[in-house]
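> So that we are looking at the same thing, I have put the structure below in structure tokens.
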Amino acid sequence: MRPERDRAAQPPTVPEQARLWHVVLSVAGQVTPLSSLRASLEQLAHDHAFFLTARYAADHAEIRYWEQARDLHDAAAIALRLWGEHKVTANLPPWEIVGLEVVDRATYHKRVAEGFGDPPPHLGGVHPY
């Protein structure tokens with residue numbers, strides 16, 4: 001009998017807690033009028049509770065925000081649905097997701113402290129590149 005194996009098969013006694021994950025979602029597509037795009041991203045910011053900032057150009061955008069999820073898999077799955085789920089309510093353009101980065105809170109803060117992965121120049125809100 002292997003005690004390690006028996007312990008691994010038992011369910012955890014403490015339920016997993018949701019953690020905060022820093023998400024950078026990159027989207028791109030056909031050129032969209034900037035005023036319309038800005039209004040759409042501002043509506044998305046209003047709709048999403050942990051929205052941090054967005055940068056945009058006529059044919060691409062980058063959205064940074066915090067997501068609360070149990071693990072990386074869940075945070076990434078939620079992030080991959082964000083654009084599509086808000087497409088109608090925020091009047092987002094029919095762009096596709098072209099990039100995704102999800103890191104835990106400790107990694108994000110460590111990167112910033114080490115001078116890598118600095119926060120965008122405009123914290124909060126929606127800004128052009």
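Every read-out reported here was derived from the displayed coordinates using simple, explicitly stated rules and does not represent laboratory data. Everything quoted here is computed from the prediction, not taken from an experiment. Every residue, glycine as well, gets a Cβ built from its backbone with ideal geometry; the counts of neighbours run over all protein chains shown.
> State whether the range 52-127 is rounded, prolate or oblate according to the following rule on the C-alpha gyration tensor (a ≥ b ≥ c being the square roots of its eigenvalues): a/c under 1.5 gives rounded; otherwise a/b larger than b/c gives prolate, and the remaining case gives oblate. Mind showing how you got there, number by number?
On the way: a/c = 2.25, a/b = 1.30, b/c = 1.74.
Oblate, since a/c reaches 1.5 and b/c is not below a/b.
> Here's a follow-up. Residue by residue through the range 101-109, what is 3J(HN,Hα) from phi via Karplus (6.51 cos²θ - 1.76 cosθ + 1.60, θ = phi - 60°)? Round to whole Hz and write x for glycine and proline.
Here the 3J(HN,Hα) series is 10, 10, 10, 6, 4, 4, 5, 4, 5 Hz.
> While we're on this one: Suppose the chain between Asp59 and Ala113 were pulled fully straight at 0.36 nm per residue; how much longer would it get relative to their current alpha carbon spacing?
On the way: separation 54, 0.36 × 54 = 19.44 nm, distance 3.18 nm.
Stretched fully, the Asp59-Ala113 segment lengthens by 16.3 nm.
> Moving on. Got a sec to turn the phi values of the range 66-82 into Karplus ³J(HN,Hα) couplings, 6.51 cos²θ - 1.76 cosθ + 1.60 with θ = phi - 60°, whole Hz, x for Gly and Pro?
Taking θ as phi minus 60°, the curve returns 9, 10, 9, 7, 5, 8, 4, 4, 5, 4, 5, 5, 5, 4, 5, 8, 3 Hz for the range 66-82.
> Ala77 to Arg19: extension gain in nm, 0.36 nm per residue of separation minus the Cα-Cα distance?
On the way: separation 58, 0.36 × 58 = 20.88 nm, distance 1.45 nm.
Full extension of this stretch gives 19.4 nm more.
> So, in nm, how far is label Ala49 from label Leu100 when the simple model puts each one 7 Å beyond its Cα toward the Cβ?
Going by the 7 Å Cα→Cβ label model, 2.1 nm.
> A further question follows. Any idea how far apart Glu85 and Leu34 come out in nm if each label point goes 7 Å out from Cα toward Cβ?
3.1
> Each residue of the range 37-46 in turn: what ³J(HN,Hα) in whole Hz from Karplus with 6.51, -1.76, 1.60 and θ = phi - 60°, glycine and Pro shown as x?
Per-residue couplings from phi come out as 5, 4, 4, 5, 5, 5, 5, 4, 4, 5 Hz.
> With a/c under 1.5 counting as rounded, go ahead and sort the range 12-81 into rounded, prolate or oblate using the C-alpha gyration tensor (a ≥ b ≥ c being the square roots of the eigenvalues; past the cut-off, prolate if a/b is larger than b/c, else oblate).
Numbers: a/c = 3.75, a/b = 2.53, b/c = 1.49.
Prolate is the answer for the range 12-81, as a/c is 1.5 or above and a/b outweighs b/c.
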